[in-house]
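Accompanying notes for the structure given below.
Derivation of every value follows stated rules applied to the coordinates shown; laboratory data play no part. Not measured: the values here are computed from a predicted model. Here the Cβ positions follow ideal geometry from the backbone for every residue, glycine too, while neighbour counts run over all protein chains shown.
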Amino acid sequence: MEISSDLIEKLKSANSILFFTGAGISAESGIDTFRGKGGLWNKMSAQELASFDGFMKNPNLVWEWYQYRRKIVRETEPNAGHKIIAAFEKHFDEVTVVTQNVDNLHKRAGSSNILELHGNIERNFCMNCKTFYGVEKFIETEEVPKCEKCDGLIRPDVVWFGEMLPQEIFAKAERKAADSDICFIVGTSAVVYPAAYIPISAKEAGATLVEINIESTEITNQVDYSIIGKAGEILPRIFELLSTYVLVLHTLSLF
Ligand code: BV8
Ligand code: ZN
């Protein structure tokens, strides 16, 4: 896997880095992607499970599906890809993670500036009075739970198809994208909107786009660098090349 020295050169003079991530970055942690081989959507229809109508039609089926995904997330760990993204904060003034993932793994890996466009599977709220609930309370709950305050249905705090993204978070992600020098697009098929506009906004504002994916995607023809390979292998390599440079600088500064 060749990392162009030109890209490392660009990284050396960059201040603000944005990572736009999708399910592919969590694949090496054993979490199914959505569209790839064995992808979640291949087994069950997104519309059926990740939509308001789907939930209202069969709340227990949807609740069970999210309990199943939560169990997998609890039993897994962030991988080298997540950890290296967190480590980038050591070398750059501004590192922002804009993720479509609801698995909380960027946070568990230590990243501090995370914008979750599609919510977080470890939060719930009452559809009626909007009271928030964590997940601990419902670990063993098989049927969709009711709100203690108003008896309303409790749902996962994720964005379902046909639902609006949290506007503040989306607006902030757009701003960070526009301010970024380099935007890494990691492990996403870039087909879900409006999330997929984020790297486009970065490009329009002059950022260098770097895609890391095991295959080419909808956005590959718009990026400056397309690196084919696993995120958990490519990111450590880039960081290593960068660190060598930083180390040399540091050593030189001693003299
Ligand atoms: C809305 C949370 C309207 C829930 C999710 C414009 C054009 C076309 C369609 C639309 C449009 N605008 C809106 C739509 C409709 C829809 C949409 O985009 N449909 C798509 C399918 C065409 N968008 C919506 O419904 C959005 N809402 O538009 O509301 C509105 C407006 C105003 C007022 C009211 C309403 C909401 C979309 C959010 C849905 N929620 N998730 C949950 O998770 O349960 S989406 C969910 O699927 C994820 O969050 C993610 O966004 C998406 C999956 O995509 P990826 O993460 O990219 O995963 P995927 O499997 O596809 O790809 C993985 C990639 O990784 C692959 O490329 C693979 O090669 C690579 N890979 C695998 N292993 C590795 C790897 N890469 C590197 N290393 C590896 N090891
Ligand atoms: Zn309530």
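Averaging over all projection directions, find the projected area of the Cα convex hull of the chain and quote it in nm² with one decimal place. Walk me through the intermediate numbers first.
Working: hull surface 57.6 nm².
The directionally averaged projection comes out at 14.4 nm².
Cross-link partners among aspartates and glutamates for Lys137, C-alpha distance below 20 Å, same-chain residues fewer than 8 apart left out?
Glu64, Glu75, Asp103, Glu122, Glu148, Asp151, Asp157
Using a Gaussian network model of the chain whose springs link C-alpha atoms within less than 10 Å, name the residue from Ser189, Ser216, Ser111 with the highest mean-square fluctuation.
Among Ser189, Ser216, Ser111, the largest mean-square fluctuation in the Gaussian network model of the chain belongs to Ser216.
FRET efficiency for Ser253 and Thr76, Cβ-Cβ distance as r, R0 = 35 Å, nearest 0.05?
0.30
Using a simple spin-label model with points 7 Å from Cα along the Cα→Cβ vector, what separation in nm is obtained for Asn221 and Ile139?
It works out to 5.0 nm between the two label points.
If I build a Gaussian network model for the chain, linking alpha-carbon pairs within less than 10 angstrom, which residue out of Phe132, Phe88, Phe161 has the largest mean-square fluctuation?
Answer for the Gaussian network model of the chain: Phe132.
Can you tell me the dipole magnitude for segment 40-187 around its Cα centre, using point charges on the Cβ only (Lys, Arg +1; Asp, Glu -1), in Debye to the nearest 20?
Once rounded to the nearest 20, the dipole reads 140 debye.
Which lysines have a Cα less than 27 Å from the Cα of Lys172, not counting those fewer than 8 places away in the same chain?
Straight-distance partners of Lys172: Lys10, Lys12, Lys83, Lys90, Lys107, Lys130, Lys203.
Relative contact order for segment 13-138: what percent, with Cα pairs under 8 Å and sequence separation of 6 or more?
26 percent
If each residue of separation counts as 0.36 nm, what is the full-extension length gain between Met164 and Glu148 once their alpha-carbon separation is subtracted? Write out the running numbers ahead of the final one.
Numbers: separation 16, 0.36 × 16 = 5.76 nm, distance 2.65 nm.
Length gained, Met164 through Glu148: 3.1 nm.
Averaging the inverse of every distinct alpha carbon separation and then flipping it gives the Kirkwood radius. What is it for segment 64-170, in angstrom units?
15.2 Å
Multiply the residue separation of Leu241 and Asp179 by 0.36 nm, subtract the distance between their alpha-carbon atoms, and state the gained length in nm to one decimal.
19.9 nm
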